[in-house]
Structures are given as C-alpha cells and as structure tokens.
Amino acid sequence: MLQSPDTWVAVGFVIFVAAIAKPVMRAINRALDARAARIKATLDEAAKLREDAQHLLAEYQRKSRNAMKEADDLLAAASSQAARLAEEQTAALEASLKTRERLALERIALAEAEALKEVRETAVDVALAATRKLIADNLDATRGGALIESAIAELPRRLN
C-alpha cells in the first residue's frame with residue numbers, strides 16, 4: 001500500500017486538505033461573520049428606522065389630533081361669531097325699523113296737523129264767505145254803514 005501511487009495521492013490530498021482546510025475555514029468563518037455583521041447592521045438599521053417611523057407616526061397623529069381640535073375650536077368660534085353677528089344685525093335692524101316707524105308716525109302726525117289746519121282755514125273761509133253773503137243779502141246800506149262805523153270805533157280798543 002505504501003508503494004501504490006494512489007495511496008500517496010490520497011495521503012497528499014489529505015495533507016493538502018488539512019493544510020488548506022484551516023485557512024479556508026477561517027476565511028469562510030470571516031466571510032460568514034462579516035455577512036452576519038452586515039445582516040445585523042441592516043437589522044439594527046431597520047429596527048432604528050422602524051422606531052423612527054413609529055415616533056414620526058405618533059408625532060403626526062398628535063399633530064393631527066391637535067389640528068382637528070384647532071379646527072373644531074375655529075369652527076366653534078366662527079359659529080359663535082356668526083351667531084353674535086346675526087344677533088347684532090337683528091338688533092340693528094329692529095332699531096332701524098323702530099326709528100323709521102317713529103319718523104313715519106311723526107310725518108303722519110305732521111300731515112294730519114297740516115290737513116286739520118287746512119280744513120279749519122277752508123272752514124273759516126267758507127264761513128266768512130257765507131256770512132258775507134248773508135250780511136250782504138239781509139243788510140241794507142244804512143244799517144251796514146252803522147255796523148262799519150261801530151267796528152271802526154271798536155278797532156283801537158280790540159287791538160290793545
């Protein structure tokens with residue numbers, strides 16, 4: 001067996017494999033360790049990114065809640081202001097209508113007073129005309145002259 005070339009090839013092969021196995025194993029182990037380190041780094045980075053994403057999500061959810069609350073507050077304030085403005089406009093309209101009504105009533109009263117004055121003046125004119133006609137028809141010249149003379153005589157006394 002020692003004389004057979006196959007034995008020496010087998011022995012050489014075993015020695016060669018034994019001599020190369022340790023450095024190859026180290027290289028394989030180093031490559032696997034490096035790959036494991038890269039995978040671990042990637043996993044760590046992914047975990048960090050996930051954590052950052054969760055923090056961002058929580059932050060955005062908080063901002064969203066705040067924005068919704070602010071929107072609700074703005075809506076409530078706008079609604080309140082609209083109601084207040086409507087009340088103010090209603091009060092201003094009522095005051096304006098009352099003022100217009102008062103002015104209209106004053107104009108009506110003034111028109112009534114003027115109409116009453118005109119009616120009285122017309123009644124006085126009609127009464128004077130009727131009286132003149134009655135006096136002219138029923139009074140003779142001598143009696144009319146005596147009435148005129150007495151009226152002229154009484155005039156200074158009535159003016160004082």
> Rounded to the nearest 500 deg cm²/dmol, what is the calculated helix-only ellipticity per residue at 222 nm for the chain, with -39500 (n - 2.57) per DSSP H run of length n ≥ 4?
Replying inline: -36500 deg cm²/dmol
> What is the range 93-160 by shape, rounded, prolate or oblate, if you read a ≥ b ≥ c off the alpha carbon gyration tensor as root eigenvalues and call it rounded for a/c under 1.5, prolate for a/b larger than b/c, and oblate otherwise?
Replying inline: oblate
> Considering the values (1) 18.3, 60; (2) 63.0, 200; (3) 15.2, 45, which represents Rg and Dmax of the Cα atoms in Å as calculated for the structure under consideration?
Replying inline: (2)
> Leu105 versus Ala37, label points 7 Å from Cα toward the beta carbon: distance in nm?
Replying inline: 10.1
>> Which of rounded, prolate or oblate describes the range 43-113 when judged by the alpha-carbon gyration tensor and an a/c cut-off of 1.5?
In response: prolate
>> I'd like the distance between the alpha-carbon centres of the range 1-64 and the range 83-160, rounded to an integer number of Å.
In response: 123
>> Explain nothing, just the number: dipole magnitude of the chain about its Cα centre with +1 on each Lys and Arg Cβ and -1 on each Asp and Glu Cβ, in debye rounded to the nearest 20.
In response: 1260
> Using 1/(1 + (r/R0)^6) with R0 = 22 angstrom and r between the beta carbons of Asp73 and Leu93, what's the FRET efficiency to the nearest 0.05?
Replying inline: 0.15
>> Quick check for you: which residues of the range 27-55 have the amide N under 17 Å from the point 7 Å beyond the Cα of Arg65 toward its beta carbon?
In response: 54-55
>> Using 0.36 nm times the number of residues separating Leu49 and Ala21, minus their current alpha carbon distance, what extension gain do you get?
In response: 6.0 nm
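Taken together, the values in this text are just the output of simple stated rules run on the coordinates, not laboratory data. Remember, predicted model here, so these are calculated numbers, not experimental data. Please note: Cβ atoms are built from the backbone with ideal geometry, for glycine as well, and neighbour counts cover all protein chains shown.
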